[in-house]
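Down below is the structure, laid out as C-alpha cells.
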Amino acid sequence: MSDNLIYQDEHLLVMNKPAGLLTTPGRFEKECLWSWAKTQAPTAQVVHRLDLDTSGLVMFGCSPGAVSGLNRLFRERAIDKQYDAMSVGRMGPDRGRIVFPLGPDRLHRPKQKIDWRAGKRAETEFEVVHRAEDQLRLVLRPITGVRHQLRIHLALIGLPLLGCDLYAPRSVWRASPRLMLHARALSLPHPVTGKALTFDAGPIF
C-alpha cells in the first residue's frame, strides 16, 4: 500500500491506484483504495474516482479546507488531467477534440450512451503519440469528467481502447489482459495553499 503513495501533506493525499481495485467500497467488495488511503491518513475523504479497471492517480482531501478546495477545483475545471491509453484503429487525425453529450444507457447498464436531449456535456482532447500497425498510443486530456467518458468517446470515433469490456468489440476487449487506460498525471494549485503541484505516476505500458 505504501508503494502506491505518491504525495502526502496535512491536507492532501495522492495515491496510484492499480487496475482492478475499486476507489470506494462496492456492494460486496470492501477492499478499495480509500481504505488504503485511510491507513496513511485516517481523515482522508473521497473527492473523485477512477473506474475499477483504470489505473492511476487519485487524490484524497484530508482536511475540511482541502475537501472543499478540491471540489471547487474540479467544479471549475482547474485541474489538468492526463491519461495514457492504447487503442485499435488505423484512420483518423493525430490530434483532435471529441464532444458528445453522455447519459446512462438504462437498457444496458452500466454503459453510457450519447444523449443529445438530457446528457451531460463531455469533452475530451486526444493526441496520437505513436502508431504501430493497427494499434495507437494516445495521450488523453478530459476537459469534463463524465462517467466512462474516455472509453466511450474513443469508441465513438473508431478508436476503441484495448481491454475495454464495455465499448470495444470482443476481439479488441480480449486482445489485452487489462484496460489500457492509465491516469498518469495531474496538475493543479494546492487546494489550501495555492502552490502549483504536478504529479506523475509514470508510464505502465
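Residues in segment 175-200 that are touching an Asp or Glu at 6+ places or on another chain (Cβ under 9 Å) and closer than 21 Å to Leu21 by Cα: Arg178, Leu179, Met180, Leu181, His182, Ala183, Arg184, Ala185, Leu186. The single condition among (1) touching a residue at least 40 places away in the same chain (Cβ under 8 Å); (2) within 22 Å of Arg77 (Cα to Cα); (3) assigned to a strand (DSSP E or B) that Gly103 does not meet is (1). Give segment 121-133 a look and list any residue that's at pLDDT 95 or above and out of contact with any strand residue (DSSP E or B) (no Cβ under 6 Å at 6 or more places or on another chain), or say none. Within segment 121-133, Arg121 is the sole residue that qualifies.
Being surrounded by fewer than 20 Cβ atoms within 10 Å (Cβ to Cβ) and in contact (Cβ under 8 Å) with a residue 24 or more places away in the chain is a description that does not apply to Leu179. Taken over segment 106-140, the residue count meeting the criterion of being among the charged types (D, E, K, R), outside any strand (DSSP E or B), under 20 Å from Pro169 (Cβ atoms) and in contact with a Leu (Cβ under 8 Å, 6 or more places away or on another chain) is 1.
Checked against (1) among the aliphatic types (A, V, I, L, M); (2) crowded, with 20+ Cβ neighbours inside 10 Å; (3) touching a residue at least 40 places away in the same chain (Cβ under 8 Å); (4) in contact with a helix residue (DSSP H, G or I) (Cβ under 6 Å, 6 or more places away or on another chain), Leu138 meets all criteria but (4). Go through segment 52-94 and give me each residue that's among the basic types (Lys, Arg) and farther than 21 Å from Leu13 by Cβ. Selection gives Arg77, Arg90. Within segment 137-155, the set of residues being hydrophobic (A, V, I, L, M, F, W, C) and more than 11 Å from the chain's Cα centre (by Cα) comprises Leu138, Val139, Ile143, Ile152, Leu154, Ala155.
Can you give me the ranges of the strands (runs of 3 or more DSSP E) entirely in segment 1-83 with at least 2 residues that are buried (at least 17 other Cβ atoms within 10 Å of the Cβ)? Before the answer, list the steps.
Values: elements: 5-8, 12-17, 55-61.
Where strands (runs of 3 or more DSSP E) fall fully within segment 1-83 and carry at least 2 residues being buried (at least 17 other Cβ atoms within 10 Å of the Cβ), they are 12-17, 55-61.
For segment 14-52, which residues satisfy the criterion of being touching a residue at least 24 places away in the same chain (Cβ under 8 Å), under 17 Å from Pro191 (Cα atoms) and within 17 Å of the chain's Cα centre (by Cα)? Answer for segment 14-52, where residues must be touching a residue at least 24 places away in the same chain (Cβ under 8 Å), under 17 Å from Pro191 (Cα atoms) and within 17 Å of the chain's Cα centre (by Cα): Val14, Met15, Val47, His48.
The values are calculated or read from the model by the stated rules, or taken from the named source; none is laboratory data. Only a predicted model underlies this, so the values are computations on that prediction, with no experimental measurement involved. Quick reminder, even Gly has a Cβ in these numbers, built from the backbone with ideal geometry, and neighbours come from all protein chains shown.
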